[in-house]
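A.B. asks: Below is one structure. I have some questions about it.
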Amino acid sequence: MHTRRQVLKAGLGLFAYGATGVSNARSLISARPPASRLADLSGKSCRPLATRYRDPKPRLIDGLPFKNWFEGDDFNDGLNIPFHSAENNFPGGVPPEPDEVVQVAVVGGGISGLASAYLLRQYNPVVFELHSIFGGNAQGGVIDGAEYPLGSAYVITPDPGSALDHFYRELGLHEVTRPDVAAAPVEINGVIHEDIWSGIGVPPEDVPAIEAYRKLVLRMADDYPDVPFPEQWMRDLDRISLRQHIEEEVALPIPATLSAAVQAYCYSSFGAGWEEISALLGWNFLAAEEFGRWVFPGGNAWMADALWQRLRDLDHASPMLAPHLRAGSRVVDVRVRPDRMVQLTWRTPDGLFRSMLAQHVVMSCPKHVCRHVIHDLERIDPQRFNAMNLHRRAYVVANVLLDRPVSRDFYDIFLLGEPKSFPMSEGQATSFWRYTDVLDGSYANRRDMLPGRPSVLSLFWPLAYDTARFDLVQGDPVLAFGQALASQLNETLTLLDMPRSAVREIRFTRWGHALPVAQVGFVANGIAHAIRRPFQDRVYFVNQDNWALPAVENSLYDAFETASTIAAALG
Ligand SMILES: Cc1cc2nc3c(=O)[nH]c(=O)nc-3n(C[C@H](O)[C@H](O)[C@H](O)COP(=O)(O)OP(=O)(O)OC[C@H]3O[C@@H](n4cnc5c(N)ncnc54)[C@H](O)[C@@H]3O)c2cc1C
């Protein structure tokens, strides 16, 4: 059996592809790029972790100052929540003539796309990103000198010498990380408990079940079920829910504190409940937490930004294909031609349609986008087309800017409130308008914290029900979310000994299709296989939804594998 450590230490030989840097860069294009593209060369505003500004006229809701509009998905222009249905029709019905030729094009500028492009940088890739900012869910902001995450927050501590460890070091992440090895504190009925897993803070009658659960966690961490889930026992585990597995293995009545704690983690990490998600996929996350976390300033936006900067450098080394990072560019059509070149068409920020030819295309956008962008997929590969119709959940993150550091040193506190009231079904989740955990958004910078320095609390608010996307847009969503947040925030500030007057601004981020649901049978029923495998040997898939496991590590594994395949083909 491969444990996580064995898999990670397998070497993989992945970094050779990028190791020669841009000096070997090859381009099939000979013409100068059009002037309009050169105009975008600086592109400073599209970086994943960038300075943002406080709202000069914040909106007061229950006496608290809110930024007037959301960060993250901006649904107003109709572009950023695309492809609920086929929308890939351009004028005249045929794509324009290609006017560029590249070796590699990447669709989607989140961590998956940026990492894929970085690993293939010697081939001069071009990356298309729908939003005006790169990073996908791993964007961040800097306000008053304080970094904060808009979504993706931390990675699991890499094993020394592993492929991930090399990758992070190459990006300089080990220099800025602050590890978090402690058990996550849990709030129960207004009291923070540092480690309920050791039995402290829970009723004595609950201790045997919690102890049995702890042993199960340690066993799963040892047997760690990791992608690509090669063994039969892993696929068997995928056929039952996480809840069923825990109940069977613990073999004692599950106390409310334990079920609420597991549920809060599943909501926060998967946007779905333990009764919905596969035991296999659930343990891939839960057990990994045993290895500790690495936290960067601005969360995983720091990683996205490090990748972005290195790719940006390609513009100077190889200006013929500049800009390599094309923000505000929505890819609308991808088709493999009879000559095996891939024609890719996108809508420019000016609203024009343009085409290029690529030898290989990496689709790093979500699968519900892929299924409509890949031309005629429904007819060519109906099984894949149907499998790509993944179930997704929405998410809100609220960043609370404070005028001082938080006195308690913590990374992530799970807020259970009254555990018996915690929702245990999707139906109950619809009326559960609360954030599940509060992160110290300034955790990675804590050692620099002086009394007068601002800090940030990041409130993670998963919406673990299917219709939540509509709640993000209907009526006056800032008011609705603001009112729901205000009373809970009062409790959180009290917990952390922070006066309300310390709040400078509250900024909401919303994500419409944030997370794929890690549903039971996703691996065992062949959905993962159907959606991940390359299409016509020219189009590849690297995204968090490949395994319905929304974690940076899983995106990176698939980026490594895909980069290796493409590099072997390009020679
Ligand atoms: C609130 C939240 C918290 C999270 N916390 C963590 C965490 O702590 N740790 C962790 O490991 N993971 C976390 N995740 C999961 C995280 O999203 C992934 O780890 C990772 O950032 C996903 O990257 P991705 O590139 O696969 O997908 P995405 O970030 O979704 O990127 C896909 C990109 O494709 C773009 N795109 C879509 N359509 C098109 C098109 N037609 N043309 C061009 N571009 C297009 C999108 O705009 C987007 O930028 C979190 C997710 C959320 C929502």
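A.B. asks: Cβ-Cβ under 7 Å, sequence separation 6+ or interchain: first residue in the stretch 228-257 and farther than 28 Å from Gly201 by Cα, partner at pLDDT below 95 and not charged (D, E, K, R). Which pairs?
C.D. replies: Pro230/His2; Glu231/Met1
A.B. asks: Further question on the same structure: What are the residues in the stretch 117-136 that are touching a helix residue (DSSP H, G or I) at 6+ places or on another chain (Cβ under 8 Å) and near the ligand (Cβ under 9 Å from one of its atoms), if any? Step through it out loud before you land on a result.
C.D. replies: Step one: of the stretch 117-136, the residues touching a helix residue (DSSP H, G or I) at 6+ places or on another chain (Cβ under 8 Å) are 117-127, 129, 132-136.
Hits for the stretch 117-136 are Val127, Glu129, Ile133, Phe134, Gly135, Gly136.
A.B. asks: Yes or no: Thr565 surrounded by fewer than 22 Cβ atoms within 10 Å (Cβ to Cβ) and within 30 Å of Leu401 (Cβ to Cβ)? Please lay out each step first, then the result.
C.D. replies: On the way: surrounded by fewer than 22 Cβ atoms within 10 Å (Cβ to Cβ): yes; within 30 Å of Leu401 (Cβ to Cβ): no.
So Thr565 fails the test.
A.B. asks: Same structure again: Across the stretch 237-264, which residue is nearest to the ligand (Cβ to nearest atom) among those that are under 23 Å from Ser431 (Cα atoms) and open to solvent by 20 Å² or more (accessible area, probe 1.4 Å)?
C.D. replies: Arg243
A.B. asks: For the stretch 479-508, give me each residue that is touching a Phe, Trp or Tyr at 6+ places or on another chain (Cβ under 6 Å) and β-branched (Val, Ile, Thr).
C.D. replies: Matches in the stretch 479-508: Ile506 only.
A.B. asks: Same structure, new question: In a loop (DSSP other than H, G, I, E, B), out of contact with any helix residue (DSSP H, G or I) (no Cβ under 6 Å at 6 or more places or on another chain) and not aromatic (Phe, Trp, Tyr): does that describe Ser407? Give the derivation first.
C.D. replies: Numbers: in a loop (DSSP other than H, G, I, E, B): yes; out of contact with any helix residue (DSSP H, G or I) (no Cβ under 6 Å at 6 or more places or on another chain): yes; not aromatic (Phe, Trp, Tyr): yes.
Taking the combined requirement at face value, the residue satisfies it.
A.B. asks: Ala287 passes all but one of (1) open to solvent by less than 10 Å² (accessible area, probe 1.4 Å); (2) outside any loop (DSSP other than H, G, I, E, B); (3) under 25 Å from His513 (Cα atoms); (4) out of contact with any strand residue (DSSP E or B) (no Cβ under 8 Å at 6 or more places or on another chain); which number fails?
C.D. replies: The one condition Ala287 does not meet is (3).
Here is a yes/no grid of residues against (1) crowded, with 20+ Cβ neighbours inside 10 Å; (2) aliphatic (A, V, I, L, M); (3) farther than 15 Å from Trp294 by Cβ:
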| position | (1), (2), (3) |
| --- | --- |
| Gly145 | no, no, yes |
| Ser152 | yes, no, no |
| Ala182 | no, yes, no |
| Gly199 | no, no, yes |
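A.B. asks: When only residues in the stretch 98-112 that are more than 27 Å from Ala138 (Cα to Cα) and not β-branched (Val, Ile, Thr) count, which is most open to solvent (accessible area, probe 1.4 Å)?
C.D. replies: Asp99
A.B. asks: If the requirement is being within 14 Å of the ligand (Cβ to nearest atom) and either touching a Leu at 6+ places or on another chain (Cβ under 8 Å) or aromatic (Phe, Trp, Tyr) (or both), which of these qualifies: Ser278, Ser329? Don't jump to the end; show me each part of the working.
C.D. replies: Working: Ser278 fails: within 14 Å of the ligand (Cβ to nearest atom).
Exactly one residue qualifies, and that residue is Ser329.
A.B. asks: Can you tell me which condition Val473 does not meet? The list is (1) in a helix (DSSP H, G or I); (2) more than 28 Å from Arg243 (Cβ to Cβ); (3) under 23 Å from the mean Cα position of the chain (by Cα), and all the others hold.
C.D. replies: In the conditions (1) in a helix (DSSP H, G or I); (2) more than 28 Å from Arg243 (Cβ to Cβ); (3) under 23 Å from the mean Cα position of the chain (by Cα), Val473 misses (1) alone.
A.B. asks: Mind listing just one residue for me: the one in the stretch 552-571 that is over 13 Å from Pro228 (Cα atoms) and either without any contact (Cβ under 8 Å) to a residue 40 or more places away in the chain or in contact with a Pro (Cβ under 9 Å, 6 or more places away or on another chain) (or both) and, of those, farthest from the ligand (Cβ to nearest atom)?
C.D. replies: Gly571
A.B. asks: Moving on to the next point. Going by what's in this entry, would Phe422 be described as hydrophobic (A, V, I, L, M, F, W, C) and out of contact with any strand residue (DSSP E or B) (no Cβ under 7 Å at 6 or more places or on another chain)? Steps first, please.
C.D. replies: Values: hydrophobic (A, V, I, L, M, F, W, C): yes; out of contact with any strand residue (DSSP E or B) (no Cβ under 7 Å at 6 or more places or on another chain): no.
For Phe422, the condition - hydrophobic (A, V, I, L, M, F, W, C) and out of contact with any strand residue (DSSP E or B) (no Cβ under 7 Å at 6 or more places or on another chain) - is not met.
A.B. asks: Is at least one residue of the stretch 334-347 open to solvent by 10 Å² or more (accessible area, probe 1.4 Å) and within 25 Å of the chain's Cα centre (by Cα)?
C.D. replies: Our first condition is that a residue be open to solvent by 10 Å² or more (accessible area, probe 1.4 Å); within the stretch 334-347, this holds for 335-341, 343, 347.
If we keep only those that are within 25 Å of the chain's Cα centre (by Cα) as well, we get 347.
Yes, the conditions are met somewhere in the stretch 334-347.
A.B. asks: Sticking with this one: I'm told Leu485 meets every condition in (1) assigned to a strand (DSSP E or B); (2) within 16 Å of the ligand (Cβ to nearest atom) except one. Can you identify the failing condition by its number?
C.D. replies: Of everything listed in (1) assigned to a strand (DSSP E or B); (2) within 16 Å of the ligand (Cβ to nearest atom), Leu485 misses just condition (1).
A.B. asks: If I filter the stretch 449-482 down to residues being hydroxyl-bearing (Ser, Thr, Tyr), more than 21 Å from Asn68 (Cβ to Cβ) and open to solvent by less than 10 Å² (accessible area, probe 1.4 Å), which single residue comes out as nearest to the ligand (Cβ to nearest atom)?
C.D. replies: So the first thing to find is which residues in the stretch 449-482 are hydroxyl-bearing (Ser, Thr, Tyr), and the list is 455, 458, 465, 467.
Filter once more, so that each one left must be more than 21 Å from Asn68 (Cβ to Cβ): 455, 465, 467.
Filter again for open to solvent by less than 10 Å² (accessible area, probe 1.4 Å), leaving 455, 465.
Working: Ser455: 19, Tyr465: 16 Å.
So the residue we want is Tyr465.
A.B. asks: Being open to solvent by less than 10 Å² (accessible area, probe 1.4 Å), within 14 Å of the ligand (Cβ to nearest atom) and assigned to a helix (DSSP H, G or I) is the filter here, so list the residues in the stretch 529-551 that pass it.
C.D. replies: The answer is Ile531, Asp545, Asn546.
A.B. asks: Can you tell me which residue in the stretch 169-191 is nearest to Leu280 (Cα to Cα), limited to those that are touching a strand residue (DSSP E or B) at 6+ places or on another chain (Cβ under 6 Å) and of a type in the set (A, V, I, L, M, F, W, C)?
C.D. replies: Among those residues, the one meeting the criterion is Ala184.
A.B. asks: Shifting gears a bit: Take the stretch 489-521 and flag every residue that is open to solvent by 10 Å² or more (accessible area, probe 1.4 Å), away from the ligand (no atom under 12 Å from the Cβ) and either among the acidic types (Asp, Glu) or at pLDDT below 95 (or both).
C.D. replies: Glu491, Asp497, listed by residue number.
A.B. asks: When only residues in the stretch 120-143 that are open to solvent by 10 Å² or more (accessible area, probe 1.4 Å) and in contact with a Leu (Cβ under 8 Å, 6 or more places away or on another chain) count, which is nearest to Leu314 (Cα to Cα)? Let's see the steps before the verdict.
C.D. replies: First pass over the stretch 120-143, keeping only residues open to solvent by 10 Å² or more (accessible area, probe 1.4 Å): 121-122, 129-133, 136-137, 142.
Then drop every residue that is not in contact with a Leu (Cβ under 8 Å, 6 or more places away or on another chain), which leaves 121, 129-130, 137, 142.
Numbers: Arg121: 8, Glu129: 17, Leu130: 20, Asn137: 24, Val142: 25 Å.
For the stretch 120-143, the residue satisfying everything is Arg121.
A.B. asks: Now for a different question. In this structure, is Ser555 among the polar types (S, T, N, Q), closer than 30 Å to Pro338 by Cα, at pLDDT 95 or above and not in a loop (DSSP other than H, G, I, E, B)? Spell out how you get there, then give the answer.
C.D. replies: On the way: among the polar types (S, T, N, Q): yes; closer than 30 Å to Pro338 by Cα: no; at pLDDT 95 or above: yes; not in a loop (DSSP other than H, G, I, E, B): yes.
In short, no.
The values are calculated or read from the model by the stated rules, or taken from the named source; none is laboratory data. Keep in mind the model is a prediction, meaning the values are calculated, not measured. Every residue, glycine as well, gets a Cβ built from its backbone with ideal geometry; the counts of neighbours run over all protein chains shown. Ligands, DNA and RNA are excluded from the accessible area calculation, which covers all protein heavy atoms including side chains. Shrake-Rupley method; radii C 1.70, N 1.55, O 1.52, S 1.80 Å.
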